[in-house]
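Take a look at the structure set out below.
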Amino acid sequence: MLSLIPWNAFFGGMLLGMSAVVLMLGIGRVAGISGIVSRLLPVRASNKENKSVDTDKTEKQWRIAFVVGMVISGWLLIPTGYQLPQLEEMNLVVVVIAGLLVGFGTKTANGCTSGHGIVGMARLSKRSIIATCVFMGVAMATVLVKNLMGLGA
């Protein structure tokens, strides 16, 4: 019998929400994945001049810990029956194009679904509410078009 409650999404959402709360209460930072990851990349000279070495090191440490925790959490759930996506079944070109589009979108929106959708909306940010509505609208339109073209799963 098909379960009507998407348990994986439900528990995943709870874990995302908890991580956002812990990060905000613990060190006062927003759990926006694109911002966390992008600030691990080399910093432009103009931004680097304004930060001390200690601040840069501390900032980098918590960001690395957050990303590592996000990546290994999938493997930690394998004993519970969780299955990681099978990369062999995916079209690498489509995955790369999708990743570039997501990167372009997060840069354009000045944040991603986790930063805007979880933290921004909880803070009642007008910009985040609008961005999340756009994200969700595009996602729904994509699924609709995909199903109309017969590409739905």
**Asked** When the residues of region 16-60 are filtered to those that are in a helix (DSSP H, G or I), modelled with pLDDT under 85 and open to solvent by 100 Å² or more (accessible area, probe 1.4 Å), which remaining residue is farthest from Leu77 (Cα to Cα)?
**Response** Lys48
**Request:** Please work out which residue is modelled with the lowest pLDDT, limiting yourself to region 109-153 and to residues that are in contact with a helix residue (DSSP H, G or I) (Cβ under 6 Å, 6 or more places away or on another chain) and in a loop (DSSP other than H, G, I, E, B).
**Result:** Gly152
**Message:** Tell me whether region 100-108 contains one or more residues that are hydroxyl-bearing (Ser, Thr, Tyr) and outside any helix (DSSP H, G or I).
**Reply:** no
**Message:** Just to be sure I understand the filter: pairs with C-beta atoms under 8 Å, separated by 6 or more residues or on different chains, first member in region 66-92 and hydroxyl-bearing (Ser, Thr, Tyr), second member open to solvent by 70 Å² or more (accessible area, probe 1.4 Å) and part of a helix (DSSP H, G or I). Which pairs pass?
**Reply:** Ser73/Leu15; Tyr82/Asn8
**Prompt:** Can you name the number of the only condition in (1) in contact (Cβ under 8 Å) with a residue 24 or more places away in the chain; (2) part of a helix (DSSP H, G or I) that Gly12 fails?
**Reply:** (1)
**Complete:** Cβ pairs under 7 Å, 6+ apart or interchain, first in region 120-143 and in contact (Cβ under 8 Å) with a residue 12 or more places away in the chain and of a type in the set (Ser, Thr, Tyr), second assigned to a helix (DSSP H, G or I) and open to solvent by less than 80 Å² (accessible area, probe 1.4 Å), ordered by first then second residue, are Ser128/His116; Ser128/Gly120; Ser128/Met121; Thr132/His116; Thr132/Gly117; Thr132/Met121
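The values are calculated or read from the model by the stated rules, or taken from the named source; none is laboratory data. The structure displayed is predicted, hence computed values, not measured ones. Virtual Cβ from ideal backbone geometry, glycine too; neighbours counted across all protein chains shown. Accessible surface is based on the protein model in full, side chains and every heavy atom, while ligands, DNA and RNA are left aside. Shrake-Rupley method; radii C 1.70, N 1.55, O 1.52, S 1.80 Å.
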